[in-house]
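The values are calculated or read from the model by the stated rules, or taken from the named source; none is laboratory data. The structure displayed is predicted, hence computed values, not measured ones. Cβ atoms come from the backbone with ideal geometry, glycine included; neighbour counts cover every protein chain shown. Please note that ligands, DNA and RNA were not included when accessible areas were found on the heavy atoms of the full protein model with its side chains. Shrake-Rupley method; radii C 1.70, N 1.55, O 1.52, S 1.80 Å.
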Amino acid sequence: MEFIDTLRDAIYAIMNPISNFVWTYILLYLLLGAGILFTVLTRGMQFRLFAHMAKVTFTSRGSGSGVSGFQAFATSLAARVGTGNLAGVAIALWVGGPGAIFWMWMTALVGFATSFIESTLAQVYKQCNADGVYRGGPAYYIERALGQRWMSVLFAIFLLIAYGLAFNGAQSNTIAQGMAQAFSIPNWITGVVLVAFTALVIYGGLKSVARTAEKIVPIMAIGYFLVALWVLLSNLSEVPAMLALIVKSAFGYGPAVGGAVGYTIKIAMENGIKRGLFSNEAGMGSAPNAAAQADVKHPAAQGLVQSFGVFIDTLVICSCTAVVILLSGVYEQLMTTSPGKDIVGIQLTQDAMVDHLGSFGEIFIAIAILLFAFTSIIANFSYSQINIEYLFKRHAKAAVSVLRIAVLAMVMIGSIAKLQFVWDFADLAMGLMATTNLIAILLLCPIALRVLRDYETQRRQGVREPTFDPKGVLKRPEQVEADVWPRRDD
């Protein structure tokens, strides 16, 4: 144990300064700045096209031969809806105060446009694989549109570290903590069971992940929303005060609370943006890997679908967790009795739900996090598979076999690891990955904007389902493979 502690301290000594620099001086401003810029350039697409966005999301079923638009949406939502929505929101509240929720909302609002840009680019530059499933994402559009393979390789490596290793460890860790508190199940037993079920899905390939996500994600999201809505309606008289606290705290006017004693606006912003990004992943470059898999007629259609995922993830599900915690007597008690105390995020969410629902609340959250985090693990694998295939084109099968073993190992290790180390490691990988992707999409956004204009022009002309012709939209259509666009006839 002494050796492990020494090793962990050595890793922290290297990791923390890099992570703090990336988040404090680069990503905090780059993320919001890019989101605001994309919102302006798309003329507020998240507001203008919201109703159409929702309609396209729930009607994009596809032909059945590949991955449908809705399956790609469900896969990305499976990755988005996980520990960030339950444990992550609790940590953001405790470290950054209620104001962190406000900045999480702001991150989501501008994140709509960011998600559209990156997911549309992923569709434009996707490639068809031998298994009939498309591959694409930042690694693909960085190389093919920018011609910077070194940058693509860098992104793919960061994604493998984040999604193949760190995030899966964070997800399994949260599941194990929830099972231990609700059912007194030892962490290692939870880890073994998780490994077994994860293996059943990931050895079936990308289509297996998409089919599993399509079945589980809608049920778990609707169930969690309904329970949170009941909590909200049961405490309706306290809602105005809660909203006022969130807004005041975001700008430094609220009282110092809980673990956020002495917190500043900067701390509230940093934690809200960090946890918001971890949750909705807009700009991180992860969701485009799922977006590219969709077999759709126009890239912008899937870009809109992926944007709607940001709404579901942060403005709905994360807000549900914030409501449950802030309206609970548990949070109020901890603010008074335990300022500065370290907490385990999922336990705070469970305790808050118990305050509202009695003993059933603990069981409900444990089951919710099991479903949320398990679907995140399998979606994380699909992202990792796409990028490891990109890196090892000639030896893709062998590389994916190694990846499967590494993912399963990390699920086991994460279930028994210390929470803080796993989260900090995930923060660093996420920060580096997001920075690389944001730089790329800022350079490539004119392409996505032309695609959006083409889509909207066709809709104004009365075309019900716009189709994409790269020769008429792109300045360099030769960058788009002939077997991708125009769309193949099945």
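Pulled fully out, how much extra length does the chain show between Val153 and Thr59, if you take 0.36 nm times their separation in residues and subtract their Cα-Cα distance?
Working: separation 94, 0.36 × 94 = 33.84 nm, distance 3.50 nm.
Length gained between Val153 and Thr59: 30.3 nm.
Using the basic label-point model (7 angstrom from Cα toward the beta carbon), what is the His52 to Tyr203 distance in nanometres?
For the pair His52/Tyr203, the computed spacing is 4.6 nm.
For the chain, what does the helix formula give at 222 nm: sum of -39500 (n - 2.57) over DSSP H segments with n ≥ 4, over the residue count, nearest 500 deg cm²/dmol? Kindly include the intermediate steps, with their values, before the conclusion.
Working: 23 runs with 346 residues, N = 490.
It lands at -23000 deg cm²/dmol.
Determine the per residue accessible area of the chain with all protein chains present and a 1.4 angstrom probe, expressed in square angstrom.
Values: 18610 Å² over 490 residues.
Averaged over the residues of the chain, the accessible area is 38 Å².
So who's got an amide H within less than 5 Å of the one on Val67, skipping anything under 5 residues away but keeping other chains? H placed 1.01 Å off N, in plane.
Correct list: Tyr134, Asp295.
By how many nm would the segment from Ala13 to Arg43 lengthen if fully extended, with 0.36 nm per residue of separation less the alpha-carbon distance? Walk me through the intermediate numbers first.
On the way: separation 30, 0.36 × 30 = 10.80 nm, distance 4.40 nm.
Taking Ala13 through Arg43 to full extension adds about 6.4 nm, to one decimal.
Counting only the heavy atoms of the protein chains, how much of Val192 is accessible to a 1.4 Å probe, in Å² to the nearest 10?
That residue has around 80 Å² of solvent-accessible surface.
Show His356, His298, His395 ordered by accessible area, largest first, where the area counts protein heavy atoms only and the probe is 1.4 Å. Don't skip to the end; give the middle numbers.
Values: His356 35, His298 0, His395 125 Å².
My answer, sorted largest first, is His395, His356, His298.
Round to the nearest 10 and give me the degree value, 0 to 90, for the angle of helix 419-460's Cα axis relative to the longest principal axis of the chain.
Roughly 40 degrees between the two axes.
Report the accessible area of Ile189, computed with a 1.4 Å probe over the heavy atoms of all protein chains in place, in Å² rounded to the nearest 10.
Here the accessible area works out near 60 Å².
Using Cα atoms only, what is the angle between the long axis of helix 187-202 and the major principal axis of the chain, expressed in degrees (0 to 90) to the nearest 10?
Its long axis makes an angle of about 10 degrees.
What is the angle, in °, between the Cα long axis of helix 2-21 and the longest principal axis of the Cα atoms in the chain? Nearest 10 is fine, range 0 to 90.
60 degrees
To the nearest 10 square angstrom, what accessible area does Lys393 show with a 1.4 Å probe?
120 Å²
Among the listed pairs Lys55/Lys397; Lys274/Lys397; Lys274/Lys393; Lys215/Lys297; Lys215/Lys274; Lys274/Lys471, give every one whose C-alpha distance is greater than 31 Å. Don't skip to the end; give the middle numbers.
Working: Lys55/Lys397 38 Å; Lys274/Lys397 35 Å; Lys274/Lys393 33 Å; Lys215/Lys297 24 Å; Lys215/Lys274 29 Å; Lys274/Lys471 39 Å.
Too far apart for the 31 Å limit: Lys55/Lys397; Lys274/Lys397; Lys274/Lys393; Lys274/Lys471.
Just to be sure I understand the model, the point goes 7 Å from the Cα along the line to the Cβ. What's the resulting Asn235 to Val463 distance in nm?
According to this spin-label approximation, the distance is 5.0 nm.
Of all the accessible heavy-atom surface of the stretch 85-240, with the other protein chains kept in place and a 1.4 Å probe, what percent is carbon and sulfur? List each step's numbers first, then the result.
Details: 3680 of 5030 Å².
Its accessible area is 73 percent carbon and sulfur atoms.
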